1. Does the stretch A:240-262 hold any residues that are in a loop (DSSP other than H, G, I, E, B), at pLDDT 70 or above and open to solvent by less than 50 Å² (accessible area, probe 1.4 Å), and which are they?
2. I'd like to verify a number: residues in the stretch A:84-107 that are in a helix (DSSP H, G or I) and at pLDDT 85 or above, how many?
3. Quick check: is even one residue across the stretch D:28-51 in contact with a strand residue (DSSP E or B) (Cβ under 6 Å, 6 or more places away or on another chain) and of a type outside the set (A, V, I, L, M)?
4. For residues in the stretch B:54-83 being in contact (Cβ under 8 Å) with a residue 24 or more places away in the chain and either assigned to a loop (DSSP other than H, G, I, E, B) or hydroxyl-bearing (Ser, Thr, Tyr) (or both), which is farthest from B:SER109 (Cα to Cα)?
5. Can C:VAL168 be described as at the interface with chain D (Cβ under 7 Å from one of its Cβ atoms), hydrophobic (A, V, I, L, M, F, W, C) and outside any loop (DSSP other than H, G, I, E, B)?
6. Checking the condition β-branched (Val, Ile, Thr) and without any contact (Cβ under 8 Å) to a residue 12 or more places away in the chain, which residue from C:ILE51, C:ILE43 passes?
7. Among the residues of the stretch D:172-202, write down those that are within 9 Å of another protein chain (Cβ to nearest Cβ), of a type outside the set (A, V, I, L, M, F, W, C) and within 14 Å of A:ILE54 (Cβ to Cβ).
8. Please go through the stretch A:12-34 and give me each residue that is part of a loop (DSSP other than H, G, I, E, B), of a type outside the set (Lys, Arg) and either surrounded by 14 or more Cβ atoms within 10 Å (Cβ to Cβ) or not assigned by TED's automatic domain parsing to the domain that holds A:GLY103 (or both), ordered by number.
Number of protein chains: 4
Amino acid sequence: MSQPRIIAGKFEAASTQGWRARWFEIIFRHDPGAPRRFDLLLIAAIVISVIVVILDSEAGLRERWGYWFYLAEWGFTLLFTAEYLARLAVVRYPWRYARSFYGVIDLLSILPTYLSLLLPGSQALLVVRILRILRIFRVLKLMEYTEAGGVLVGALYRSRRKILVFLVAVLTIAVVFGAALYVIEGPESGYTSIPIGMYWAITTMATVGYGDITPVTPFGRFVTTILMLIGYGIIAVPTGIYTAELALGLRERRKDACPDCKLAEHDVDANYCRRCGGKLPDA
Amino acid sequence: MSQPRIIAGKFEAASTQGWRARWFEIIFRHDPGAPRRFDLLLIAAIVISVIVVILDSEAGLRERWGYWFYLAEWGFTLLFTAEYLARLAVVRYPWRYARSFYGVIDLLSILPTYLSLLLPGSQALLVVRILRILRIFRVLKLMEYTEAGGVLVGALYRSRRKILVFLVAVLTIAVVFGAALYVIEGPESGYTSIPIGMYWAITTMATVGYGDITPVTPFGRFVTTILMLIGYGIIAVPTGIYTAELALGLRERRKDACPDCKLAEHDVDANYCRRCGGKLPDA
Amino acid sequence: MSQPRIIAGKFEAASTQGWRARWFEIIFRHDPGAPRRFDLLLIAAIVISVIVVILDSEAGLRERWGYWFYLAEWGFTLLFTAEYLARLAVVRYPWRYARSFYGVIDLLSILPTYLSLLLPGSQALLVVRILRILRIFRVLKLMEYTEAGGVLVGALYRSRRKILVFLVAVLTIAVVFGAALYVIEGPESGYTSIPIGMYWAITTMATVGYGDITPVTPFGRFVTTILMLIGYGIIAVPTGIYTAELALGLRERRKDACPDCKLAEHDVDANYCRRCGGKLPDA
Amino acid sequence: MSQPRIIAGKFEAASTQGWRARWFEIIFRHDPGAPRRFDLLLIAAIVISVIVVILDSEAGLRERWGYWFYLAEWGFTLLFTAEYLARLAVVRYPWRYARSFYGVIDLLSILPTYLSLLLPGSQALLVVRILRILRIFRVLKLMEYTEAGGVLVGALYRSRRKILVFLVAVLTIAVVFGAALYVIEGPESGYTSIPIGMYWAITTMATVGYGDITPVTPFGRFVTTILMLIGYGIIAVPTGIYTAELALGLRERRKDACPDCKLAEHDVDANYCRRCGGKLPDA
């Protein structure tokens, strides 16, 4: 008689019993108990390794503790290498995991330290560090399983197309106004090219306004005022989209479908199906 | 026996059959198939032509690839000229199209390249480029036909009057505070005139804050604090307007009540009363 | 037999017939026809007079057109003086009008030009101008009568107490962080006093960020990061308040009260009073 | 026969009658009458003492009024000391009060003035001042009892977990982009370490944009544009969270359905079903 298959997301355990099944559950799943503890330990290790990278970038600290940072860097690299090999060992289709988003990130986050042995140099080491920082995304990955994170990500996911349309509109306005100030102000005000103008236009529309590039001619300032008023109105759009989606997500509906026409999503106080008029099961 | 007329928006095909009817459908309509493919090709051409203009503005790139940019510029100009003539050929009232918003943009976006032959000069060429960039607005025009864009534009359209009232209020505050700091700070702080003060006030209220002009006197900074608190509260207004409109748009209800139990507020797609199951009047 | 009294807001016409009743309706009321035309003419005059003041502040323009600006200034002053006297003449209790908000603004907006005859000097003239600019508030006063403006002002009015509480919280945070950076950074970074620190803190929380004063010490930057994250979360508050109020304002309720217990504000689909269970009049 | 116990929040009066019971009510409770007057007097004293601290930090004012500021500082210290001792005297478990949040703040806000006698020095005095400023938090504490403040704080409290998740996401993005620009731009542009880069990234995402550190390389500016667009979209998240929570708070409904007609979703204050008039179960 065959054991039930062990699934975690889109991955499956290599075997249904024995140490590989056990470790698959610990590494890939997020159930309370050992798997949850493993997740928390892993996140802690990731956060600490990132903090080491951050501290190591401080010249003053590197001078004093550089040696220990170097040791910690190698320690975490070996630790995460062991984890990566374990993942390959216990999953049924290792190649599918290796090609997955986090599989790639896991590999990228350990590879550079080894590469730094072959081709040394501060620049290469920096690349190592920045790649390793990506590992912290796993924290977010985990958060998807918490209720709060789920609601936020869900609303973002549902409004992805609206946000895309919005971004296209923002980019269009950025091109038009960036080119306009490139023509009006010209290089002497810092608008040396249309891409620079677009960078300035997005800085302005996003209401960041560094001030590293600003219009000086009266007409340029007039056009900038118009751009700011546009940005003023347009900053409402993503907020509106997201809030509306979130409100819809929080608005509760009857989950059970109509027995006759199978229409789901009825109001809380509905007794009859709004499409076919069939009686709904009493709530 | 007469063919049905072929309509696209406010335009009508020149003839109901033959190549002009066929091309009218391809050029003016957005149905799946050939018309949709034409739209996508056109957008691709517009985007690429704009990218060429953007790259051409980079001094470094122009030196190396200027010649190819020039060729591409002429290539696109001829392409869009052919498209413009085709539109005039297949539409029933060419003059009405030529006078329409996109008709004017289409003409403006090809004219300057020809003008640059008669009156050369970098400035003129720049004007050519900025005008050509307007062509990308067609991307937005198309997006109006996608569901996501429709919702966003619809909500913006419904709240246009509220936003106008809001902009008048913003301008009024900008005049009052711009003049106030022109009086308080004066030219030595950069407030050389009330228009400059208005530019600064809008920069502040829109929370852009370039920092190219800032108050230095204690009283000027106090007034600025008040302006920022006003802007803090007032930035809520467009967001509130837009979110409320968007929520209304996403959650509209039938106004007519159930004839049997007088229950109002049914879903838009409701045929039967959700409370008593009675037939609702057809919408 | 006595005529009905003529009311406009909190003002009453001096007489119920004759030229004063006629002019009271024209000046104080906003009905279609003559009164509406008068309002529009007045707004036009206000806007133009303000534009003259704005243009006059441009050194270049004043040199060339200063004389005409001066004439326009006096023209508008005499015009608004006549309007002010007319208002006093046709209203029943002139003193009550003179003490009202717009009565005071009307007087303040004409007085300074006359004062400038007694005590000349550019500074005095500037004061004249800034005061005159206040006159544009009448545009907003009128807008209260338009539907769109009414909704916006109504929501702002309902949420005034929440916004006040919010402002107190913002000021408290500004004091704490302003004093913190005054201690941490000190005068050499530009934090020469706690008020300057508060000015900087509000600039930061309002996400304006001029950059005229910025932290330079690592600890100061760390505290600033905390302040920005607080501001990030807190900018949601006024938007949330306003949006919720606006949504409530747009949400419709039955206007008629319960005949038994006089409870107003029932749901649209209510047949019985939710408090006393009494039958409501059919909608 | 025993008196009822006198409670205020989590504190209890030391005795049920006599002056201690009387003063406990005045100091710890917020009922109309004497307790409310005491609260208002206390807030007034706190605000004035903070204003004195703020004015004292102005070099110019300190020179002229420093002596009076010093006197006021001691006056308020003695006043608040008396208040602190009174609180200890009238509460049943003084130690529990002393350990409570406001008990600690109360002590911290008076202690440093006495310490400044033992160890003088401007730095120490500044610490005194900043600590004393914390006392203004009591204003917020009181506001919790006002309706408006309660709604705002309540919504913030309900959405605390979502906001936490959001902050983690913001910090993650800050680490990634901060490290990215530390690598791309390097020290010569001011990105001397990853912490500085994170400070810059949060300045950018919060749309503050001081401009003290800005990218100069084309690639750095391109990455910055992406960061700004992310921040543009992400600024919607806290607003959306808070608005949705606030809307839920303003519009909460009874969950239990009408026993007769099964209509769910009644107002919180409903005693009878709005549809059939049937009595609802008492909440």
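1. Of everything in the stretch A:240-262, those that are in a loop (DSSP other than H, G, I, E, B), at pLDDT 70 or above and open to solvent by less than 50 Å² (accessible area, probe 1.4 Å) turn out to be A:ALA257, A:CYS258, A:CYS261.
2. Result for the stretch A:84-107: 13.
3. Yes; the residues of the stretch D:28-51 include at least one that is in contact with a strand residue (DSSP E or B) (Cβ under 6 Å, 6 or more places away or on another chain) and of a type outside the set (A, V, I, L, M).
4. Ranking the qualifying residues of the stretch B:54-83, first place goes to B:SER57.
5. For C:VAL168, the condition - at the interface with chain D (Cβ under 7 Å from one of its Cβ atoms), hydrophobic (A, V, I, L, M, F, W, C) and outside any loop (DSSP other than H, G, I, E, B) - is met.
6. Answer to the selection: C:ILE51.
7. D:THR172, D:GLY178, D:TYR182, D:THR192, D:SER193, D:PRO195, D:GLY197, D:TYR199
8. Matches in the stretch A:12-34: A:ALA14, A:SER15, A:THR16, A:HIS30.
The values are calculated or read from the model by the stated rules, or taken from the named source; none is laboratory data. Remember, predicted model here, so these are calculated numbers, not experimental data. Glycine also receives a Cβ, built like all others from the backbone with ideal geometry; neighbour counts cover every protein chain displayed. Note: areas computed on protein heavy atoms with side chains; ligands, DNA, RNA excluded. Shrake-Rupley method; radii C 1.70, N 1.55, O 1.52, S 1.80 Å.
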